[in-house]
Amino acid sequence: GFRGLVFLFLLFQFLSVSATSPFHFALLTDLHISRGNTSMEDLENSVKQINNTPAIEFVLVTGDVTETGDRPSLQMAKSILDKLNVKYYITSGNHETKWSASGCTDFGEIFGSDRFSFEHKGVRFFGFNTGPVLRMADGHVSPQDITWLQNELSKKDKSLPVILATHYPLQYGDVDNWYELTDAVRSFNIRAVLGGHYHRNAVFAYDGIPGLINRSNLR
């Protein structure tokens, strides 16, 4: 593959989900799109590689889409991601919130929302913002997003496997109210939380829920 491109392909046999057809998808995170560097070329290469991998059925993009959250960079990121042959689902990161000149409204206007929910082959996916409320503060999950997630989860069978996607790891030092989220979803079949932020591959546990962190898309 292209230099510096790492995709997280999750075959759901790994998660031991019974009665679920195996499938593959790609996770892109920490794109840090900004003019004047190689970030746009890196994303172009990722999109080409995904489009040349027919097994990939969709893409998750988990935050820090841009370096400074400015509207031109967000629009550039969207123009590249829109070249994907498969659907992508996106949420924001701390770089979209802590430097946002628009009061964090540009992301939603350009991408439609900073949270998503969908079901694929019997597995439910949810993504939402974990960016800081104040500049340089810890990450935070808003009460309205926790309520939204609980309401969405309650609409279907609680036994269905669920994958959450956030930018920050859901742990002390990263998200100040991570425990409110894990408490809210504990009664559901949460199989993993996917994300980024650390620019490296890592495996964590959030109150026993596997947390899989992917490296940055930057070379």
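The values are calculated or read from the model by the stated rules, or taken from the named source; none is laboratory data. Since the structure is predicted, the reported quantities are computational estimates derived from the model, not experimental observations. Cβ sites come from the backbone with ideal geometry, for glycine too, and all protein chains shown count toward neighbours. The protein model used for the area step is the full one, side chains on, heavy atoms only, and it has no ligands, DNA or RNA in it. Shrake-Rupley method; radii C 1.70, N 1.55, O 1.52, S 1.80 Å.
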Please work out whether the range 45-155 counts as rounded, prolate or oblate from its C-alpha gyration tensor, where a ≥ b ≥ c are the square roots of the eigenvalues and a/c under 1.5 means rounded, while otherwise a/b larger than b/c means prolate and anything else oblate?
oblate
Report, ordered by chain and residue number, the lysines lying within cross-link reach of Lys83, taken as a straight Cα distance under 23 Å and ignoring same-chain residues fewer than 8 apart.
Lys48
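When the accessible area of the chain is computed with all protein chains present and a 1.4 Å probe, what percentage of it is carbon and sulfur?
Heavy-atom surface of the chain belonging to carbon and sulfur, 1.4 Å probe: 50 percent.
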Can you give me the long-range amide H partners of His167? Hydrogens built in the peptide plane at 1.01 Å from N, cutoff under 5 Å, separation of 5 or more residues or another chain.
Thr130
Out of Ser113, Pro132, Ser39, whose Cα points farthest toward the positive end of the dipole of the chain (charges: +1 Lys, Arg; -1 Asp, Glu; placed on Cβ)?
Ser39
May I ask you to derive the relative contact order of the range 72-219, considering only C-alpha pairs under 8 Å and at least 6 residues apart, and to give it as an integer percent?
18 percent
Charge dipole (debye, nearest 20) of the chain; +1 at Cβ of Lys and Arg, -1 at Cβ of Asp and Glu:
560 debye
Which net charge results for the neighbourhood of Gly208, defined as the other residues with beta-carbon distances under 13 angstrom from its beta-carbon, given Lys and Arg at +1 and Asp and Glu at -1?
0
Determine the calculated [θ] at 222 nm for the chain from helices alone, applying -39500 (n - 2.57) to every DSSP H run no shorter than 4 residues and normalising by the residue count; nearest 500 deg cm²/dmol.
-6500 deg cm²/dmol
Reachable aspartates and glutamates, given that their alpha-carbon falls under 12 Å from the alpha-carbon of Lys87 and they are not under 8 places away in the same chain
Glu57
Once the in-chain neighbours fewer than 8 apart are removed, the aspartates and glutamates whose Cα is under 17 Å from Lys155 read Glu119, Asp145
With Cα springs under 10 Å, the Gaussian network model of the chain assigns the largest mean-square fluctuation among Ser73, Ser46, Ser154 to Ser154
Non-local amide H neighbours of Phe204 (under 5 Å, H modeled in plane, Pro and chain starts lacking H): which ones?
Gly211, Leu212, Ile213
Let me cross-check Val203: its accessible surface, 1.4 Å probe, with only protein heavy atoms counted, in Å² to the nearest 10?
110 Å²
Reported label for calculated Rg/Rh (Cα atoms, Kirkwood Rh) given (i) 1.20; (ii) 0.94; (iii) 0.99
(ii)
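Given a cut-off of under 8 Å on Cα pairs at least six residues apart, what relative contact order in percent is computed for the range 137-212?
Value for the range 137-212: 33 percent.
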Under the rule of at least 5 residues apart or a separate chain, name every residue whose amide H is placed under 5 Å from the amide H of Gly63.
Asp30, Thr91
Identify which of Gly131, Gly108, Gly195 has the largest mean-square fluctuation in a Gaussian network model of the chain, with springs joining Cα atoms closer than 10 Å.
Gly108
How big is the accessible area of His95 in square angstrom, nearest 10, if you roll a 1.4 angstrom probe over the protein chains?
20 Å²
Taking every DSSP bridge whose two residues both lie in the chain, the antiparallel percent to the nearest 5 is 35 percent
The chain, accessible area per residue, ligands and nucleic acids excluded (1.4 Å, Å²):
44 Å²
For the range 181-187, in order, what is each residue's ³J(HN,Hα) by Karplus, 6.51 cos²θ - 1.76 cosθ + 1.60 with θ = phi - 60°, in whole Hz (x at glycine and Pro)?
6, 5, 5, 5, 10, 4, 7
